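Let me begin by presenting the structure, written as structure tokens, before commenting on it.
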Amino acid sequence: MSAAQQAAALAPARAKQRAISPSRGGRPWTFYLLATLFTFYVVALYGPMICIYILSFQDVRGGLVFPMKGLSLHWFVDLFTQVRTGDVKGAFDRSIKLAILVTIITVVVSFMAAMAFRRRFPGDNVVFSLMIGSLVAPGLVLGIGVGLLFNALGIDTSWYGSALGAQLSWTLPFGVLVMFAVMSRFNPAWEEAARDLGATPWQIIRLVIIPVLAPGLVAVALFGFTLSYDEFARTLQTAGPQNTLPLEIWSMTLNVTSPSLYALGTVTTIISFIIIGTALGAIVLMQKRRGARVGGH
Amino acid sequence: MTVSRPLVGWLYISPLMLVLIPFFVLPILVVLVASVFETDGFGGLIPTFTLANYRNVLTSALTFNLYYETVKFTVLTWFFTLILGFFIAYFLVFHVRNPLLAIGLFLICTVPFWTSNIIRMISWIPLLGKEGLINSALLRIGLIHEPLTFLLYSSFAVVVAYVHQLTIFMIVPIFNSMARIDKRVVEAAVDAGASRFDIMRLIVVPLSKSGIALGSIFVASIVMGDFFVTKVMSGGSSASVVGAFYEDISVLQYPSAAASAVVLTVILLAMVSLILRTVDIRKEITQ
Amino acid sequence: MAVSRGDIELAGLSKSYDGVHSVVHGINLKIPDGAYCCFLGPSGCGKTTILRMIAGHEDPTDGEIVIGGENVVGLAPVQRGTAMMFQSYALFPHLSVRDNIAFALRVRGLSKADRYRQTDAMIEKVRLTELADRLPAQLSGGQQQRVALARAAITEPRVLLLDEPLSALDEQLRVQMRLELQRMQRELGITFVHVTHSQLEAIALADMVVVMEAGQIKQAGPAREVYASPRDRYVAEFLGGQNVLSGKVETIEGGRLMFAQPDRKTLAAPLRGNARIGVGDRIDVAVRRDDIELLRPDAEISPQDRSALSSRVLAIEYQGSFVKVMLDAIADEEFVAYVPERVFFRDPLVIGDVVLATWAIDHARLLERT
């Protein structure tokens, strides 16, 4: 048998040994294949967004496609000053206020619901099904339902009323699901130990459960904020006379054909990144203060 | 202590119910009621009981077409997001050796989720358009002589936008369940002589079933409940069930819109409960 | 006798989770003040449930728990004057060593200065002063155990309840921590109730060992009594160190009975107070493994004083101070001799050797049958 044949005979066996064994030897061919796929995905994920961020910095001659024409902040100024782009500033303002409201309510209510779900209680399956139903129901249908309901009850729809509720019907199930995952890492013995040491139920929540779960609660807050800040379908029929930002963007996509649309994209993305950065920073800070794996042993 | 437990549970859950009842249960009931009313043609509703709205919805060829389009986009999106999501999660969990790097790459995948969906969708326009980057690049290297028109305002663009938005909903839950697979189980399978394909088929896929199910629920329900992407990215050439619903609403045809919404919701809920029957998601998340 | 504050009495204590199957069946037990009591049994025998009922983390279905003369059933844990050390310690991950230990004082509303003064004294006692600002994740297993101990002790309980306190540690540390527990118990002078599945741990630590099986107490008493004089086959086998032979009584005379195992030689055992045994009864007899002497087959013995069985060596394990020799075809279960190291190596046996296993008839013990 020639050396080449021998090598060929050995190859499959060796490949088999290496199959996803995480810490030994060279990388299997699948690594390179999947790494290529991953790179492709990330490029496709970020590429288009980066394009519009770049295009938003064109000057007055700018159009919707490349090549880039000039370099200025013209379209940002245009965005906040032109009548035809609508009340962007007001929409920003409302969206942020609404998102903060939604965040606070989502964190508190999801936390309480997750506390309830730690033990079985009569009707827990019904509540869970309702929650899943609320999560998957078509947003626009739900929004119309809320609108008709408010109409029938004689209440005016508004971003701080009907839209707030409609958004919560979407952010809360999400928040509770995230809380489930967070809670699964909570050791019930901590609670028992606190009770054993004389803590009252409220002290247990304040001194043990909330501080231990704090990073998870920040994650829920991040979900609440961004889901609300970006919510469209449920808000469309419930926001009342004053638009939120996604509704503003939606109307712009239908009638604005200038790079101010892209400028708006750039601005909202910057805000999103500030929020993500703050939240991740808070989580990292908390984990660091908790100092996992510092004293090596 | 034992006696008051259900009470404590209800107390904790009551705020959630205070949101779900007025903003999910009642609105759905309102839509259900509206679906059996008649319209007066001016946006008002005449309280009666009629199934005519359902008859109209279920017998029209238009409805069939709408559902066909919606299901087509749902299936295509589901398929591509599943393939991408599964292999990306698989890559991150089983091929990236440094756990910190894996988490970093995972975060890179999730960051766009926190930014505006609409902006992410329109960001394809300067790429896919007639004078967009892809067409001009292909023209320049001489691969084509006329701009490709199927890239934008087409079914292709719709699917691209959906996959772009929704793959994250597959990656996160699948990554989660894969990360929980004990690496020693995989090593044991390697020891037993399993090939890479065997491992994936017999170990990784069954053990990430709950993540796949959860991701499928998210993707399918979002695509079926959406009208925006279809409307913008197909340039009006494709319709969707919810899009038609929206058109009906804007011409004040509440009852027929409501009937079609009820049909859609029933289909969605049936699909979700079918998926939920195969895996106990609640147990999977909480354990 | 006056009731001391750390006396524990369990009366008819039962627990059932579903109303049908009970995990604890009507336990009666008295633990004297200041005792070190170990509940010993396999997992699922109900020992942890008893501990949690004493602590107040679970309510009994029936029966009373009396601590220091007061029935504590229905009281909150903190009102009972008990403190619990949890399995794997359950240290609060977000609090430093000092704040973990000070937790009980904090929830009682003590000012920061007051609680740190008390805490620092306790930290010194468990020798954690340099680690006071660390978080639990930065401590070794043994250090975590000391924090857990200090956190429970700071409430000045009359009873300390320990749920498998050593199971999270490796072998060497376990031996070290056993000493630490003993020292703490002497220093605090309070009742310790310790749950474990390790007989080694139980007999090393306890003044009083309570052996449990399936929700019932099999035997309770001083460590030596339980180890050397097991009441029945279960206790003898669970504590180890005993070989159990069973057979049918053939004759009874002169304070001795003769019994035979099917197809095996008839053996003698002393009759001790068990007057109700008659000919034809099935009995269990225990013989301590270190009472067995192994002789070469041609050795002479006196059949009046000693029993002898011929056997073959199945396996040999060197244990350091003694050698464990497993023998074939003597009992239904394994039959083992512990031979002192020096004795063994005077004439070493090898696997397959035929030997005569002999023991003094008076050292055999008749067990109760249940």
Run through the DSSP bridge list for the protein assembly as shown and note the antiparallel percent, rounded to the nearest 5. 75
Does the protein assembly as shown classify as rounded, prolate or oblate by the C-alpha gyration tensor (a ≥ b ≥ c root eigenvalues; a/c under 1.5 gives rounded; else a/b over b/c gives prolate, otherwise oblate)? prolate
For residue C:218, which sequence-distant residues (separation of 5 or more, or a different chain) have an amide H within less than 5 Å of its own amide H, given hydrogens modelled in the peptide plane? C:211, C:212, C:213
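Could you size up the charge dipole of chain A around its Cα centre, putting +1 on the beta carbon of Lys and Arg and -1 on that of Asp and Glu, and report it in debye to the nearest 20? Before the final figure, lay out the partial values.
On the way: 22 positive and 12 negative charges, 270 e Å.
With Lys and Arg at +1 and Asp and Glu at -1, about 1300 debye.
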Region A:43-92: trypsin sites (Lys or Arg not before Pro) falling in loop per DSSP and having at most 12 other Cβ within 10 Å: A:61, A:84
Expressed as a whole number, the average count of other chain Cβ atoms within 10 Å around the Cβ atoms of A:264-271 is 3
Normalised contact order of chain C, rounded percent, pairs of Cα under 8 Å and 6 or more residues apart: 15
Magnitude of the Cβ-charge dipole of region B:62-286, K/R +1 and D/E -1, about the Cα centre, nearest 20 debye? 460
Binned Cα-Cα distances of chain C, short to long, each 10 Å bin given as a whole percent: 5, 20, 25, 21, 16, 9, 4, 0, 0
Hey, what did chain B get for relative contact order, percent, Cα under 8 Å, at least 6 apart? 27
Lys/Arg Cβ at +1, Asp/Glu Cβ at -1, dipole of region B:1-156 taken about the Cα centre: which of B:24, B:143, B:92 is farthest positive-ward? B:92
In the protein assembly as shown, if the dipole is taken from +1 on Lys/Arg beta carbons and -1 on Asp/Glu beta carbons about the Cα centre, which of B:208, C:76, C:206 is farthest to the positive end? B:208
Computed over region C:42-93: relative contact order in percent, which uses C-alpha pairs under 8 Å that are six or more apart: 27
By Cβ neighbour count within 10 Å, fewest first, C:23, B:186 rank C:23, B:186
Can you work out the base-10 log of I(q)/I(0) for chain A at q = 0.11, 0.12, 0.13 1/Å, using the Debye formula on its C-alpha atoms alone? -0.90, -1.00, -1.08
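First select every other residue whose beta carbon is under 12 angstrom from the beta carbon of residue B:48; then total the charges, Lys and Arg +1, Asp and Glu -1.
Numbers: positive: none; negative: B:38, B:40.
Charge balance in the 12 Å sphere: -2.
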Report the Stokes-Einstein translational diffusion coefficient (µm² s⁻¹, integer) for region A:143-253, Rh taken as the Kirkwood radius over Cα pairs, at 10 °C with viscosity 1.306 mPa s. 97
The ³J(HN,Hα) series, computed from each phi in region C:253-260 with the Karplus coefficients 6.51, -1.76 and 1.60 at θ = phi - 60°, rounded to the nearest Hz and given as x for glycine or proline, is 7, x, x, 10, 10, 10, 9, 10
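From the mean inverse distance of alpha carbon pairs (Kirkwood) and the Cα radius of gyration, derive Rg over Rh for region C:131-185.
A ratio of 0.96.
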In sequence order, what are the phi-derived ³J(HN,Hα) couplings for region C:169-178 according to the Karplus relation 6.51 cos²θ - 1.76 cosθ + 1.60 with θ = phi - 60°, rounded to whole Hz, with x for glycine and proline? 9, 7, 3, 4, 5, 4, 5, 5, 6, 4
Give me the net charge for the shell around residue B:155: Cβ to Cβ below 9 angstrom, other residues only, Lys and Arg +1, Asp and Glu -1. 0
Cα pair count fraction exceeding 18 Å, expressed as % - region A:61-110: 55
Once label points are set 7 Å from the Cα along Cα→Cβ at both residue B:266 and residue C:137, what is their separation, rounded to one decimal in nm? 5.2
Just A:65, A:178, A:108 to compare: in a GNM of chain A, with alpha carbon springs under 10 Å, which one fluctuates most? A:65
Fluctuation leader among C:116, C:227, C:89 - chain C, Gaussian network, Cα springs under 10 angstrom: C:116
Is the shape of region A:36-120 rounded, prolate or oblate, going by the alpha carbon gyration tensor and its root eigenvalues a ≥ b ≥ c, with a/c under 1.5 for rounded and a/b larger than b/c for prolate? oblate
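For each of B:145, C:57, count neighbouring Cβ atoms within 10 Å of the residue's Cβ, then give the residues from fewest to most.
The most exposed by this proxy come first: B:145, C:57.
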What number comes out for the charge environment of residue C:221, summing +1 per Lys or Arg and -1 per Asp or Glu over other residues with Cβ under 15 Å away? +1
Grab the alpha carbons of region C:1-121, take their convex hull, and tell me the volume per residue in Å³. 150
Is any residue of region A:141-178 close enough, with backbone N under 13 Å, to a label point placed 7 angstrom from the Cα of residue A:129 along the Cα-Cβ axis, and if so, which? none
Listing B:164, C:363 from the residue with the fewest other Cβ atoms within 10 Å to the one with the most, what is the order? C:363, B:164
Under the rule of at least 5 residues apart or a separate chain, name every residue whose amide H is placed under 5 Å from the amide H of residue C:16. C:23, C:61
Low-density loop cleavage sites - chymotrypsin sites (Phe, Trp or Tyr not before Pro) in region B:49-95, where at most 11 other Cβ are within 10 Å (DSSP): B:49
Write down the radius of gyration of region A:227-295 and its Dmax, each obtained from C-alpha positions, in Å. 18.0, 60
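Restricting to DSSP loop positions (anything but H, G, I, E, B) with no more than 14 other Cβ atoms inside 10 Å of their own Cβ, which trypsin sites (Lys or Arg not before Pro) remain in region C:116-175? If you can, show how the numbers build up before the last one.
Details: sites: C:117, C:125, C:127, C:134, C:146, C:151, C:158, C:174; in loops: C:127, C:134, C:158.
Those satisfying the criteria are C:127.
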Taking placed amide H atoms and a strict 5 Å upper bound, the residues 5 or more places from residue C:335 or on another chain that come that close are C:327
Over the Cα atoms of chain B, what Rg and Dmax result, in angstrom? 23.4, 79
Rounded to the nearest 20 debye, what is the charge dipole size of the protein assembly as shown about its Cα centre when +1 sits on each Lys and Arg Cβ and -1 on each Asp and Glu Cβ? 1720
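Taken together, the values in this text are just the output of simple stated rules run on the coordinates, not laboratory data. Predicted model only: the values in this text are computed from it and were never measured. Cβ coordinates were reconstructed from backbone atoms using ideal geometry, including for glycine residues, and neighbour counts include every protein chain displayed.
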